[in-house]
1. Inside the stretch B:493-534, can you point out the residues that are at pLDDT below 85 and small (Gly, Ala, Ser)?
2. In the list B:407, B:386, which residue meets the criterion of being open to solvent by less than 50 Å² (accessible area, probe 1.4 Å), within 14 Å of chain A (Cβ to nearest Cβ) and modelled with pLDDT of 85 or more?
3. With the structure loaded, tell me whether residue A:78 is in contact with a Ser or Thr (Cβ under 8 Å, 6 or more places away or on another chain), under 15 Å from residue B:387 (Cβ atoms) and facing chain B (nearest Cβ under 7 Å) or whether it fails that test.
4. Under 9 Å between Cβ atoms, which residue pairs at least 6 apart in sequence (or on different chains) link something in the stretch A:104-128 that is within 8 Å of chain B (Cβ to nearest Cβ) and within 26 Å of residue A:169 (Cβ to Cβ) with a partner that is open to solvent by less than 20 Å² (accessible area, probe 1.4 Å) and part of a loop (DSSP other than H, G, I, E, B)?
5. Which pairs do you get when a residue that is open to solvent by less than 40 Å² (accessible area, probe 1.4 Å), found in the stretch B:289-317, comes within reach of a residue that is in a loop (DSSP other than H, G, I, E, B) and modelled with pLDDT of 80 or more, reach meaning Cβ atoms under 8 angstrom, with the pair 6+ apart or on two chains?
6. Only residues that are within 9 Å of another protein chain (Cβ to nearest Cβ) and open to solvent by 30 Å² or more (accessible area, probe 1.4 Å): list them for the stretch A:81-101, please.
7. Looking at residue A:63 and the list (1) aromatic (Phe, Trp, Tyr); (2) without any contact (Cβ under 8 Å) to a residue 40 or more places away in the chain; (3) open to solvent by less than 20 Å² (accessible area, probe 1.4 Å), which single condition is not satisfied?
8. For the stretch A:23-60: of the residues being open to solvent by 10 Å² or more (accessible area, probe 1.4 Å) and of a type in the set (A, V, I, L, M), which is nearest to residue A:185 (Cα to Cα)?
Amino acid sequence: MISLNNVSKAFGGLTAVRDLSLSIAPGEIFGLVGPNGAGKTTTLRMMTGLLIPDTGQIRFGEYDIVREPLRAKASFGYVPDRPFLYEKLTARELLSFVASLYGVGRGPAIEASGRLLHLFGISDVGDELIEGFSQGMRQRLLFASALVHDPRALLIDEPFIGLDPFGIRTLKEIIRDLSSKGMSIFLATHSLHIAEEICHRVGFINKGVLVTIKAREELREIEGGLEGFFLRMG
Amino acid sequence: MLLMRPRFLSLKNSLTAGILLRRLPFIAIGAAFCWSLYLGMDYLLTFIRDAGFAGEIISESLFSMIFSGLFFFLILSGIVTSLSSFYMSADIRFFLSKPIPLTCVLRLKLSEALLDSSWMVLVFMPPVFIAYGLRYDAPALYYGIVAAGLAMVILIAGGIGAAAAHLLTRLFPARRSRDAFLGIALLLFVVLYFIFRSSLPAGPGDPEEMLNSFMRFRSDSRLLPGYWMTEAVFPVLRGLRPGLSGLAVLVGCSVFSLLAASLAGRYLFLRNIGRLQPSADVPGRSPLSRCFPRRWAALFYKDAIIFFRDTGQWSQILVIAALIAIYLHNLRSIPFDLLLAITPFVREVMLLVNMLMSGLILTAVAARFLFPLVSLEGEAFWVIRTAPVPAARLLWSKLVYGSIPVTVLITALVLAADVIMDIQGPLHWASLATSLMLCVSVSGLGIGMGAIYPKFRHAGIASVSVSMGSMAFMVIAFALVMATLALETWIYYLWETGRGAHTFTVAMSVCALTLVILLNGAAFFLPMKIGAERLYKFT
């Protein structure tokens with residue numbers, strides 16, 4: 001579903017991502033971990049079309065994010081690491097608005113908004129302005145907005161910021177459920193134990209280079225698990 | 001000073017050669033504006049002083065009025081910036097959590113508010129005072145006293161603004177007090193204007209009465225810094241010793257004003273901060289709010305909903321409405337019948353002046369409402385940026401959303417002015433067509449330039465509309481208005497005077513009209529095209 005082929009990006013003299021290649025199958029949860037400044041967010045921003053890669057290709061199914069950005073963007077949902085939303089809209093209005101941007105019809109949009117608000121436990125504040133939301137509620141709303149158009153892939157930057165333990169558990173269950181229904185999920189995170197718990201494969205990136213990719217089974221065999229591997233790699 | 005370091009260091013770090021080079025066009029536009037301000041003031045002073053004794057009095061009154069006007073502007077600006085600086089800035093909780101005495105934090109925030117509220121005055125007013133100095137052949141002492149006086153006026157107004165901000169926040173939460181303040185400011189402005197307007201004669205028919213009213217205005221304003229400033233400075237312009245009493249009052253008042261701000265801050269700031277919590281407003285449940293229209297209409301609909309919920313946006317319409325009411329009131333009081341006896345072209349001249357004024361209002365309204373439209377997406381812009389929405393569609397949606405009210409407003413203004421001035425026939429239709437064309441081209445220019453110079457991290461619409469990009473837009477938009485009107489006036493002149501052969505007149509008219517259409521077309525399409533290309537490059 002998602003493939004990156006020899007993707008590179010430099011800012012001035014600094015190479016943020018170098019020759020990155022990977023692919024994510026339908027239904028797979030792929031985690032990208034690495035130290036601060038390793039290139040995780042740059043990779044995600046290129047995947048979402050916020051940055052244009054200097055070289056290489058990023059494809060969602062048959063659509064290239066640079067050549068056919070509108071078709072590619074229509075196929076994924078994105079959850080950024082900072083929960084900036086339209087403060088003067090209500091949660092329900094935001095979901096309707098996002099659904100409209102993706103061309104979802106009125107009936108399905110209303111149905112999806114109600115279902116997702118309930119799924120993420122924020123239906124009771126669905127008609128309140130977002131400006132009064134806590135960080136956890138915003139994070140839940142971000143996820144709902146990323147799923148309102150029923151995408152084939154989900155890109156997530158630091159998924160568990162600001163969530164309480166109940167929120168984290170709910171979200172893990174939702175991610176697993178989406179994956180079981182065939183959605184490809186790419187997440188960039190610092191939370192090693194969560195990546196180890198829910199990802200089918202984990203990629204390690206350091207100084208812009210993808211060092212290795214390990215399957216969940218391989219990680220279990222490594223001494224100290226993912227954390228031990230991460231510390232040795234750093 | 002330690003607390004100011006982050007700001008100084010940020011400024012130092014942003015002063016790279018690359019950034020300076022990028023801002024060079026803005027600096028050039030600003031310099032050109034200052035130069036034209038100097039030339040205009042110099043011309044006005046020459047014209048006024050040619051009137052002999054009366055001219056001297058008018059010149060002195062004008063000086064006093066400039067400072068009084070500045071004083072009111074600085075107070076209004078001071079309240080808004082103090083509210084932002086003391087109660088809405090991102091670093092306030094950081095400083096309050098550190099072992100720093102409260103007085104230091106208050107001093108820092110007051111300094112920030114003083115700087116933010118007065119930078120435009122400090123940048124754009126020197127040409128006016130230099131014109132006075134050069135026209136009067138003043139000694140160096142004049143410049144020193146004007147600079148010191150201006151600094152004290154800024155301190156007085158800033159102190160009053162900060163104290164008022166603390167008091168207003170005591171009465172309302174910070175965001176609402178800023179909105180309430182806009183209403184108060186508007187009321188104050190209109191009342192002051194009508195008091196001033198009623199103290200002047202309706203027209204230039206009675207020069208003696210006009211002179212008396214200028215003198216009355218000055219003596220009525222003994223409690224304003226403009227009067228003290230004039231008392232201190234004008235003797236120096238005339239080659240005498242400075243008026244020490246005026247200077248002493250300025251110094252005393254600035255100290256008192258700062259003390260008042262400091263006391264208000266000390267007693268109210270922490271109490272006010274404790275009251276500021278985010279509210280969970282539940283807007284009225286409208287069936288429409290759940291049904292967004294599809295695609296680009298959804299962008300339009302979203303902007304409209306946010307506009308009506310964000311009082312910071314719509315409350316400024318009141319200010320514009322007041323300005324237009326004042327303008328039309330002014331126009332109505334001009335004795336056209338009397339002036340027609342002096343020159344037969346008075347209606348045509350007044351029509352041109354009205355079109356220029358409408359162009360100025362269009363430029364100001366567009367800078368306030370159209371230029372910031374893209375930036376108003378703020379940090380939530382990623383929602384659109386990552387959705388399958390082309391940049392061009394976004395800009396066209398903004399254009400439709402912004403240009404309709406602006407076009408209605410300006411066309412209504414031109415129509416009302418035409419009725420007041422009794423303009424009929426081809427001139428009436430030409431004025432309407434011109435205003436429509438300018439509305440469309442200036443709207444495109446505003447939305448396009450707003451996309452070329454977006455500012456997604458901002459503290460509100462006001463901070464976007466006073467950015468460098470906005471200033472550049474205003475200058476370019478007004479230049480477009482002037483060029484359009486100059487070409488059209490030339491066509492009218494050719495036909496009305498009947499000079500030259502008929503074919504020559506026709507050929508020149510066609511050329512001028514083509515140029516008008518090309519200019520407006522370029523002003524509309526080029527920024528929209530470049531804006532659409534550049535917008536998605538910003539991240």
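The values are calculated or read from the model by the stated rules, or taken from the named source; none is laboratory data. All values derive from a computational prediction rather than experimental measurement. Because the Cβ atoms are built from the backbone with ideal geometry, glycine has one as well, and the counts that use them run over all protein chains shown. SASA here: full protein model, heavy atoms, side chains in, ligands and nucleic acids out. Shrake-Rupley method; radii C 1.70, N 1.55, O 1.52, S 1.80 Å.
1. Result: B:498, B:500, B:501.
2. Numbers: B:407 fails: within 14 Å of chain A (Cβ to nearest Cβ).
Being open to solvent by less than 50 Å² (accessible area, probe 1.4 Å), within 14 Å of chain A (Cβ to nearest Cβ) and modelled with pLDDT of 85 or more holds for just one of B:407, B:386, which is B:386.
3. Yes: the conditions hold for residue A:78.
4. A:113/A:126; A:113/A:148; A:125/A:133
5. Sorted first by the residue in the stretch B:289-317, then by its partner, the pairs are B:299/B:389; B:302/A:86; B:302/A:89; B:305/A:88; B:305/A:89; B:306/A:86; B:306/A:88; B:306/A:89.
6. If we filter the stretch A:81-101 for residues that are within 9 Å of another protein chain (Cβ to nearest Cβ), which is where we start, we get A:82, A:84-90, A:92-94, A:96-101.
Those that are within 9 Å of another protein chain (Cβ to nearest Cβ) and open to solvent by 30 Å² or more (accessible area, probe 1.4 Å): A:82, A:84, A:87, A:88, A:92.
7. (3)
8. Checking each candidate, the answer is A:25.
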